[in-house]
Amino acid sequence: MRPKGGEMARRLLPLAIVWVVLVAGCGEDEAGTTATTSAATTTTVISTTATTTSTTTSTTTTTSTTTTTVPEPTVVEVDVDTYDEAASIWDEYVGFSDIASLEDSAYPFSHVWGARSGEFVYVVEIPDQPAGEATVSARLSSELGGGTEDDVDDALSDVGLRVNGVDYPVRPVVSDDRAGEVVEWTVDGADFAAGANEIAFTVAGDAEHRWGLCIYQDPVDGEGPSYPITITYTP
């Protein structure tokens with residue numbers, strides 16, 4: 001016997017409710033699953049390890065050494081007996097005693113000599129222009145004709161140097177002791193020139209001490225150093 005429409009509806013209502021509940025549960029599960037998956041995806045932490053590379057910069061310092069070559073000094077030597085005879089004038093006498101003439105004498109060096117006041121003039125060849133200062137040296141004493149005279153208390157001579165017309169300070173030189181001492185002047189290199197130069201050793205006529213001049217050079221016995229007039233400079 002078929003149930004009537006109302007009866008059918010009444011019977012089917014509980015089934016419909018159950019279906020709805022089931023469907024809702026399934027949706028809830030799916031939603032839960034989706035939510036869970038989403039949460040899992042959302043809360044997944046990607047751990048990135050940062051690797052720091054330490055770079056060490058090595059600096060190499062190179063030291064450069066510059067070697068400066070200092071020129072060797074030029075030394076010009078002048079024999080004392082090569083003075084210009086025409087220009088070398090003295091008040092009383094002038095001359096040269098060589099080694100042969102002094103072998104049996106008390107003089108240890110060959111030498112030129114001039115009495116009282118006057119000058120010995122030399123023409124000297126200089127190979128190049130000096131840079132800076134130059135030095136001029138010679139072995140000198142006064143000239144008393146064989147030694148200090150009894151009536152002379154202070155037989156020094158005031159000796160000056162002249163280079164190409166330029167006068168340099170006077171130097172007192174020892175009394176005539178037959179050997180003398182080395183005397184040196186510092187000269188402005190600009191007063192010299194490459195080529196011929198004139199230098200003069202002078203005893204002025206108005207000098208306080210004017211007892212002539214001896215310029216010594218070679219040892220008579222052949223032993224020991226010689227003392228030519230010397231000009232030393234850096235080119």
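Here is the P(r) of region 61-216: all C-alpha pair distances, binned every 5 Å from 0, give 2, 9, 17, 20, 17, 12, 8, 5, 3, 2, 2, 1, 1, 1, 0, 0 in whole percents. Tally up the carbon and sulfur contribution to the accessible surface of region 73-158 as a whole percent, 1.4 Å probe, everything protein left in place. Carbon and sulfur: 45 percent of the exposed surface of region 73-158.
Each Lys and Arg Cβ is given +1 and each Asp and Glu Cβ -1; about its Cα centre, region 167-222 then shows a dipole of about 80 debye.
Annotation for region 128-235: GluC sites (Glu not before Pro) lying in DSSP loop with at most 11 further Cβ atoms inside 10 Å of their Cβ are Glu208, Glu223. Taking Cβ atoms as reference points and 10 Å as the exclusive limit, the residues near Val124 contribute a net charge of -3, counting Lys and Arg as +1 and Asp and Glu as -1. State log₁₀ I(q)/I(0) for region 143-235 at q = 0.13, 0.18, 0.20 Å⁻¹ as given by the Debye formula over alpha-carbon point scatterers of equal weight, solvent excluded. Calculated log10 I(q)/I(0) at the listed q: -0.54, -0.93, -1.06.
The values are calculated or read from the model by the stated rules, or taken from the named source; none is laboratory data. These numbers were taken from a predicted model, which means no experiment stands behind them. With ideal geometry, Cβ positions are generated from the backbone for all residues, glycine too; neighbour counts draw on all protein chains shown. Each accessible area value is taken on the protein alone, full model and side chains, heavy atoms only, with ligands, DNA and RNA left out. Shrake-Rupley method; radii C 1.70, N 1.55, O 1.52, S 1.80 Å.
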